[in-house]
Every structure is written in C-alpha cells, then in structure tokens.
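Visitor: Dropping the structure in here first, questions after.
The values are calculated or read from the model by the stated rules, or taken from the named source; none is laboratory data. Since the model is a prediction, treat every value here as computed from it, not as a measurement. Note that we place each Cβ from the backbone using ideal geometry, even for glycine, and neighbour counts take in every protein chain shown. Areas reflect the complete protein model, heavy atoms only, side chains present, ligands, DNA and RNA absent. Shrake-Rupley method; radii C 1.70, N 1.55, O 1.52, S 1.80 Å.
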Amino acid sequence: MKRVRGRVLDVYAILAIGYMLLPIAVVFLFSFNDPAGRFNYVWQSFTFDNWVNWDAVPGLRDALETSLVIAVLASLTATALGTLIALALVRHQFRGRAPINFLIFLPMAAPEIVLGASLLTLFLNQTLLDLGFWTIFIAHVMFCISFVVVTVRARLVDFDRHLEEAAADLGATGLETFRLVTLPLLWPAILAGGLLAFAISVDDFVITYFNSGSEITFPVFVWGQAARGVPPQVNVIGSAIFLIAVGIMLVSVIVQTRRRKESSA
Amino acid sequence: MTFFHRHRWLAPWGLLTPGMTWLVIFFVVPLGFLAYQSLQSGIFPSYEFTWEFSNYREALSDNREQLVRSFWYAGIATVLALAFSYPLAYWIAFRAGKWKNVFLVLVVAPFFVTYLIRTIAWQTILSDDGTVVGVLRTVGLLADDGRLLATSTAVVAGITYNYLPFAILPIYVSLEQIDRRLVEAAEDLYASPRRAFLRVTLPLSLPGVFAATVLTFIPSAGDFINAELLGGPNQAMIGNVIQSKFLALIDYPSAAALSFVLMAIIVVMIAIYARIVGSERLG
C-alpha cells in the first residue's frame, strides 16, 4: 500500500514538472517555426533562420542591449548596497533591527503595480530627472536590494568570525583583513545575490513599464509586440535566456555538491 | 585600528546607511507621494491638493466589479497553486534523493524566462487553432465554437502558473527542515503513514504553507498581465484599471486612490488569514 502511494506521488511529480516546463518547450519549439502570418501560434515549418537572424526584427537588439546594460549597472549597485546591509544585520547587534528587517521585507511583498505606481508619482513630481534610462535604473536597484540582502544574509550566517580574528592577531590591518580574508570568504554569497539581482532586473516588466518613459527594455518591447503578434525572434531570446539560466544554476549545483564531497572526504 | 573599531556602535550604521537611504527615498517616500496624489483634484496637468477623500469612495464604487474579480481570481489561483505545489515540494524534499537540487533547478528555471514570454506561450497553447482547444472540442468538453482564450479559466490558469515558484519554494524549505526522526518516531509508535503525515509533517510545514499563501496571493491580486494577454474585456482586474488610469487615461488621483484601496484590502485579508492560522496553531 505504501509502495503504491509512493508510485502515485512519483507519477504526479513527473507530470507536474512536465506541466511547469510545457510553456518553455513551446517557446523553444516555436523559435524554430516559420510562421505564415504575423502570429506565431500555428506550427508551419522548421527553420534555423530565426536563430541565425535573431536581430532581424527592428528594435529588438536595442531593447535587449538596454535591458542588459541596466541589469549590469543595477545588479552591481544593488549587490554593493545589499551586501553592506546584510553584513550589518548578521555581524552587529544594534537597536532598530526590527524596523530595518521590515523595511527590507516590504518591497518584496508589495504588489509590483503599487511599487511602479508610487515611484511614478515621485518622478512626476520632480524636475531633475526625466522618465527614461536612469529612472529605470533607480527602480531596479530599489527592488533588487531586498533580494540581495536576503540571499547574502542566508549564506553569511555560518561565516566563521575566528578567521578574521586570526588575521588581526597575525598583524593584518582592518583593510587587509577585509581584502584578504573577509571578501574571499564572502565571494560566493555576493555572487549568488548579484546573479539573482541580474535575473530579476532583466525580467522585470511592471515596474519598468510605469517608469520607462520612451525608453524600451526587452520586456517592454515584447509587450509592445504582443498585440501585433510576437515575432519568433522573441522566442529565440527567451530560449537563450532559459538555457543560460539553467546552465549557470546547474554549474553552481555541481560545484556545491563537489565542494561538499571534498570537505566531507 | 580603524575609525570603526574605535567607535564600534557606529559600524552597523555605516554599513546600513547607503542601502537604507536608497530604500527610503525610492520606496517609502514614493508611497507618500502616492498618498498625496490620491487626495488631489482637478484635471491633468493642473492637479491641486484638496484632501479629496471622494477619490477613494469613487475608486471603490466605480470599480467594484474589477475589485471583486481580482480577489476572487487571486483566491482561486492561490488555492490551486498550494494544491499543486505541496505534493511536488514533498516529493522533491523526501523522495528525489541525491537529485533533489537538479529537480529544484528544473522547477525554478522556467521562471527565468521573461514573465511576458511565458504568458505568451500560454496564449499559443490555449489559442483557438491550438491542440488543446482542438482536443477539448473533439471530446465534447468544449462547444465547437468554444474558446479557452478570453475566458476566466485562462486568466486564472495563467496567474496560477506564473506564481508557482512562490508557492513551491517556501513549502519545500519548511518540509526540508523537518527532523525526519519525528516522523519515524510517530511510525514507531504505530501511527499509520497517513496519520503520521497529518499529525507530524503537515503541522510542521504550516509556516511554509502560510508564506506560500501570502507570497502567491499578493502578486496575484495586483496582476494585470494575465488578464491582458489571456483574458478579454470581461476579465479585467483591478491592476488593468490602475495601469490604464496611470498610463493611458492620465487620471493620476483616481489611479493613486485605487492603488491604496488595493493595498488596504490585501493587508486586511492577510491579517485575517494570519489570525486564523495563528489561532489554529495555538488551539
């Protein structure tokens, strides 16, 4: 009986994972389609053209470049700011911890549309900055900080303080200790936070859409095409993003597993 | 000895200030501006701050239909997401063995493909010329001119799918943290597997279920992309109204008031839910 129930669960899990991957399979499949009209809904014939000429659609390349530049700048900034906050929260005792934790949690819990709308009212009520590249950058840093803090903090908890004390005992200055001991040990945590921030930034549509003015990021571009029929080149970019993300995640899983084996051996 | 070593109490604030300043200026202050805007009257571009509380009354009365629909959709999508995610998270936590992390990657990876592209993929799957509609029509579950696109079913299905990681991950984490010896102890004491699950595993995983509910419900209630891409005019949610008032109709005070109404209802519903879950765990 127990074994039967276990089998049922196995079958369910396979079907469930299949369901979650189904839209991705469709995106991938239709990236090889040669659509008859504007709408890429019905399978016509197989072609590599969309992959070879991925930037044949006017505006696509610019939008993608804008997205990548913003994601690099925003994730670097958010990673720096978020890592410092995480360090303060894990390594120092101070009053006011609860409100700060709450303030970090809120942007992750608030509906995106409210974040986007409230930032828009801020930008509309000032004259220093027009809506565009920099307002998108500011918005992305804002919602990425919390995710960086949470990611880095989770990995900082089992950081061994004795190593820093040992460095200081051996005559290292504060800066030397930070550069030679603290930073190398923190590196994996910072990298994880930065990659998450990058992924969230590239993917964001709602908050960007409210604060982009006439600037076009990749998701805003896709939104603009959605009404007119999305060209298969968008599927190419979507598939490429998927393959890169899975690649990075699998590599990190393998590295972690191997490191755990080494340390236990 | 550096400056921060001599003044240790200053060190956390030196680390906190840059990031927290960013969050205050670009997250807290904008909420103030949104509140300010929501109490203005007049026509674009000459709004005036007049404590116009009627904006809120109108936001509620003019958009009752979309508000009710949003929370209705969000509620159904959350229940579906929990029902879908719990067994899957359980399977990954307890039965996937050494492949656990690989399955976790497989489950999270689809969500690194741009939200809009994922939703457009559902458009393709559910389209009138697609296989799904074809099969349903042949079997008779759908009339010969029946559609899936532009129906409530499509919108709820889209919302459910798009927020699945927010349900799976918290449940997985809480299941993963359970001390397996507790379950073994229950079984040693002759609890049937079903009883051991209901009395040990399920209660211990409730914090994850709570987090999953909140993290799925909030973005679902504020969503407008699924209603826009998978629904028709009769599926408009409150997010669609806010979005068009801000970006198409340029009616900022009304849109701002509506944003606060949305947030207030979410906060109240979560408070009630937290109360119910909390009292159940105590009692």
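Visitor: Quick check on A:Ile17: is it among the β-branched types (Val, Ile, Thr), open to solvent by less than 20 Å² (accessible area, probe 1.4 Å) and farther than 24 Å from A:Thr208 by Cα?
Guide: The answer is yes for A:Ile17.
Visitor: On to the next question. Looking at B:Val155, B:Val183, B:Val209 in this structure, which one is over 21 Å from B:Val113 (Cβ atoms) and either modelled with pLDDT of 90 or more or not in a helix (DSSP H, G or I) (or both)?
Guide: Testing whether each residue is over 21 Å from B:Val113 (Cβ atoms) and either modelled with pLDDT of 90 or more or not in a helix (DSSP H, G or I) (or both) leaves just B:Val209.
Visitor: Given the structure, is A:Leu9 hydrophobic (A, V, I, L, M, F, W, C), within 11 Å of another protein chain (Cβ to nearest Cβ) and within 21 Å of B:Ala157 (Cβ to Cβ)?
Guide: So A:Leu9 fails the test.
Visitor: Turning to a different aspect of this structure: So which residues in segment A:197-223 are open to solvent by 10 Å² or more (accessible area, probe 1.4 Å), more than 10 Å from every other protein chain (Cβ to nearest Cβ) and in contact with a helix residue (DSSP H, G or I) (Cβ under 9 Å, 6 or more places away or on another chain), if there are any at all?
Guide: If the condition is that a residue be open to solvent by 10 Å² or more (accessible area, probe 1.4 Å), more than 10 Å from every other protein chain (Cβ to nearest Cβ) and in contact with a helix residue (DSSP H, G or I) (Cβ under 9 Å, 6 or more places away or on another chain), then A:Phe198, A:Gly213, A:Glu215, A:Ile216 are the ones that fit.
Visitor: Please go through (1) open to solvent by 30 Å² or more (accessible area, probe 1.4 Å); (2) in a helix (DSSP H, G or I); (3) touching a residue at least 24 places away in the same chain (Cβ under 8 Å); (4) under 21 Å from A:Val220 (Cβ atoms) for A:Leu131 and return the number of the only condition it doesn't satisfy.
Guide: (2)
Visitor: Could you say whether any residue in segment B:165-180 is more than 8 Å from chain A (Cβ to nearest Cβ), of a type in the set (A, V, I, L, M), outside any helix (DSSP H, G or I) and open to solvent by less than 30 Å² (accessible area, probe 1.4 Å)?
Guide: Yes, that holds for at least one residue.
Visitor: Looking at (1) surrounded by 19 or more Cβ atoms within 10 Å (Cβ to Cβ); (2) within 12 Å of another protein chain (Cβ to nearest Cβ); (3) within 22 Å of B:Ala83 (Cβ to Cβ), which is the one condition that is false for B:Ser205?
Guide: (2)
Visitor: I've got another one for you. Output the residues belonging to segment A:224-238 that are more than 8 Å from chain B (Cβ to nearest Cβ) and polar (S, T, N, Q).
Guide: Passing the criteria: A:Gln225, A:Gln233.
Visitor: With segment B:1-92 as the region, which helices (runs of 4 or more DSSP H) entirely inside it contain at least 3 residues that are at the interface with chain A (Cβ under 10 Å from one of its Cβ atoms) and not β-branched (Val, Ile, Thr)?
Guide: It comes to B:3-6, B:11-23, B:29-38.
Visitor: Of everything in segment B:104-129, what is more than 7 Å from chain A (Cβ to nearest Cβ) and within 27 Å of A:Asp203 (Cα to Cα)? Give them in sequence order.
Guide: Within segment B:104-129, B:Leu104, B:Val108, B:Phe111, B:Thr119, B:Gln123, B:Leu126 meet the criteria.
Visitor: Here is a list: A:Ala71, A:Ala98, A:Ala88. Which entry is within 8 Å of chain B (Cβ to nearest Cβ), among the hydrophobic types (A, V, I, L, M, F, W, C) and either farther than 25 Å from B:Leu34 by Cβ or open to solvent by 10 Å² or more (accessible area, probe 1.4 Å) (or both)?
Guide: Being within 8 Å of chain B (Cβ to nearest Cβ), among the hydrophobic types (A, V, I, L, M, F, W, C) and either farther than 25 Å from B:Leu34 by Cβ or open to solvent by 10 Å² or more (accessible area, probe 1.4 Å) (or both) holds for just one of A:Ala71, A:Ala98, A:Ala88, which is A:Ala88.
Visitor: Looking at B:Tyr190, B:Tyr163, which one is among the hydroxyl-bearing types (Ser, Thr, Tyr) and in contact with a Pro (Cβ under 7 Å, 6 or more places away or on another chain)?
Guide: B:Tyr163
Visitor: Quick one: in segment B:228-257, of everything that is out of contact with any Lys or Arg (no Cβ under 8 Å at 6 or more places or on another chain) and in a loop (DSSP other than H, G, I, E, B), which residue is nearest to the other protein chains (Cβ to nearest Cβ)?
Guide: B:Ile250
Visitor: Can you give me the number of residues within segment A:220-265 that are under 24 Å from A:Trp43 (Cα atoms) and of a type outside the set (Phe, Trp, Tyr)?
Guide: Residues meeting the conditions: 20.
Visitor: Could you please find all residues in segment A:23-39 being open to solvent by less than 80 Å² (accessible area, probe 1.4 Å) and more than 7 Å from chain B (Cβ to nearest Cβ)?
Guide: Residues satisfying the conditions are A:Ala25, A:Ser31, A:Phe32, A:Asn33, A:Asp34, A:Pro35, A:Gly37.
Visitor: Shifting gears a bit: Find the residue count for segment B:235-283, including only residues that are free of Cβ contacts under 8 Å to residues at least 40 places away in the same chain and open to solvent by 10 Å² or more (accessible area, probe 1.4 Å).
Guide: 19
Here is a yes/no grid of residues against (1) in contact (Cβ under 8 Å) with a residue 24 or more places away in the chain; (2) open to solvent by 60 Å² or more (accessible area, probe 1.4 Å); (3) small (Gly, Ala, Ser):
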residue: B:Glu48; (1), (2), (3): no, yes, no
residue: B:Glu52; (1), (2), (3): yes, no, no
residue: B:Arg57; (1), (2), (3): no, yes, no
residue: B:Ser61; (1), (2), (3): no, yes, yes
residue: B:Glu65; (1), (2), (3): no, yes, no
residue: B:Trp72; (1), (2), (3): no, yes, no
residue: B:Gly75; (1), (2), (3): yes, no, yes
residue: B:Ala83; (1), (2), (3): no, yes, yes
residue: B:Tyr86; (1), (2), (3): yes, no, no
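Visitor: Taking segment A:164-177 as the region of interest, how many residues are open to solvent by 80 Å² or more (accessible area, probe 1.4 Å) and not acidic (Asp, Glu)?
Guide: Result for segment A:164-177: 2.
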